[in-house]
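Enquirer: Before anything else, here's the structure in question.
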Amino acid sequence: MIAVEKGLELATQMGLEKIMVQIDSMQVARILNELTTPTWRVENKESLWSKVMLAKYGKLLKLKETDSIPNWVSPIFRWLLKVKYIIDVGALWNVGDGRNIEVWTDHWLLVNNKPTPLNLIIHGPFPSSQKLSSVISRAGGWCPDFLNTLPSPVRHQIQMLHPRPGIKDILSWTKTKKGKFSVKSAY
């Protein structure tokens, strides 16, 4: 029942209270679950739906929660951007070959048990786009040139991760034991 109450609270924040008058709370919870699933697919960057949405709105996914959303953005995608901030709190890339992970902006490190992009840990000019695969050696270790540019605590944390060449990166949800996203676990 707590998940339903949280869902209703989120629905009210998003301006869905008009819908709530006409349907019961369980239906609202189901709607929220269905609406967050596409956001999860955008984060995975694999499905056809994700590719279409990223081609059209991809630059908007880099907006921070405090940034304003342009007026031309559709109401559905505007809502998905709001949900994305919830997803960002618990989504973590498990490193495989590093081909799907952006070194500086994707969440692939845990800092204080929270998924955190590297650009929030280290300050400085970063390449606009750099895949993690570019700093993984063919043998599956980390390139020394990359590691030597990092502060010692960050370097040690990265060295504890073991890339797996030939295996795809997997986006997991840190708030459940199995790593699968659910609306209930997002609260």
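Read-outs throughout are calculated quantities, based only on the coordinates presented, and are distinct from any laboratory measurement. Just so it is clear, the structure is predicted and the values come from calculations on it, not from any experiment.
Enquirer: Rounded, prolate or oblate: which fits the stretch 117-187 when a ≥ b ≥ c are the square roots of the eigenvalues of the alpha-carbon gyration tensor, with rounded for a/c under 1.5 and prolate only if a/b beats b/c? Working shown, then result.
Expert: Working: a/c = 2.12, a/b = 1.52, b/c = 1.40.
Prolate is the answer for the stretch 117-187, as a/c is 1.5 or above and a/b outweighs b/c.
Enquirer: Multiply the residue gap between T176 and V89 by 0.36 nm, knock off their C-alpha separation, and tell me the result in nm, one decimal place.
Expert: Fully extending the segment from T176 to V89 adds 30.0 nm.
Enquirer: For N94, list long-range residues whose amide hydrogen, built 1.01 Å from N in the peptide plane, is under 5 Å from its own amide hydrogen.
Expert: For N94, the qualifying residues are I170, L171, S172.
Enquirer: Classify the stretch 58-187 as rounded, prolate or oblate from the Cα gyration tensor: take a ≥ b ≥ c as the square roots of its eigenvalues, call it rounded if a/c is under 1.5, otherwise prolate when a/b beats b/c and oblate if not. Write down the numbers at each step before the final one.
Expert: Values: a/c = 1.95, a/b = 1.52, b/c = 1.28.
Note, shape of the stretch 58-187 comes out prolate.
Enquirer: Another question, if that's okay. For a 21 Å ceiling on Cα separation, which of these pairs sit above it: K114/K178; K51/K178; K82/K131; K51/K177; K51/K131; K56/K178?
Expert: The pairs that break the limit, which is 21 Å between Cα atoms, are K51/K178; K82/K131; K51/K177; K56/K178.
Enquirer: Check which residues have an amide H placed less than 5 Å from D106's amide H, if you skip close sequence neighbours.
Expert: Correct list: L118.
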